[in-house]
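Heads up: the structure comes next, in structure tokens.
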Amino acid sequence: MELAEKFKVDLVKVDTATNKYIPGQYSVFTLPTVLIIYKGRENLRESRFINFDNIEKNLYYISEMEKNY
């Protein structure tokens, strides 16, 4: 949540027990999984052992790209 606030991105949590079609739509077979989707395309996938440093680097890269547009 801290990274979502820091980079001002939307954070969506999916309850896979009640929303079974969403994990299938995104090919999520392992929990937990973090997906970063940027402009409709998957930009990063972290599963099982989540590396928050990778997530932060990816969000920083995206934010820098947005500044240049």
From Cα pairs below 8 angstrom and at least 6 apart in sequence, can you work out the relative contact order of segment 21-69, rounded to a whole percent? 26
Remind me, what semi-axes does the chain give for its equivalent ellipsoid, largest first in whole Å, using sqrt of 5 times each Cα gyration tensor eigenvalue? 23, 13, 11
Could you check the spin-label model distance between R48 and L35? Points 7 Å from the Cα along Cα→Cβ, value in nm. 2.0
Between 0 and 90 degrees, rounded to the nearest ten: what's the tilt of helix 52-67 against the longest Cα principal axis of the chain? 50
What residues qualify as long-range amide H neighbours of L44, i.e. H under 5 Å apart, gap of 5 or more or another chain, H built at 1.01 Å from N? I36
Taking a probe of 1.4 Å, how large is the accessible area per residue of the chain, in Å²? 86
Counting only protein heavy atoms with a 1.4 Å probe and every protein chain in place, the carbon and sulfur fraction of the accessible surface of the chain in whole percent equals 53
Can you compute the FRET efficiency between Y60 and V12 using 1/(1 + (r/R0)^6), with r the Cβ-Cβ distance and R0 = 25 Å? Round to the nearest 0.05. 0.80
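The values are calculated or read from the model by the stated rules, or taken from the named source; none is laboratory data. No experiment lies behind these values; they were computed from the predicted model shown. Note that each Cβ is placed from the backbone with ideal geometry, even for glycine, and that neighbours are counted across all protein chains shown. For accessibility, only protein heavy atoms count, side chains too; no ligands or nucleic acids. Shrake-Rupley method; radii C 1.70, N 1.55, O 1.52, S 1.80 Å.
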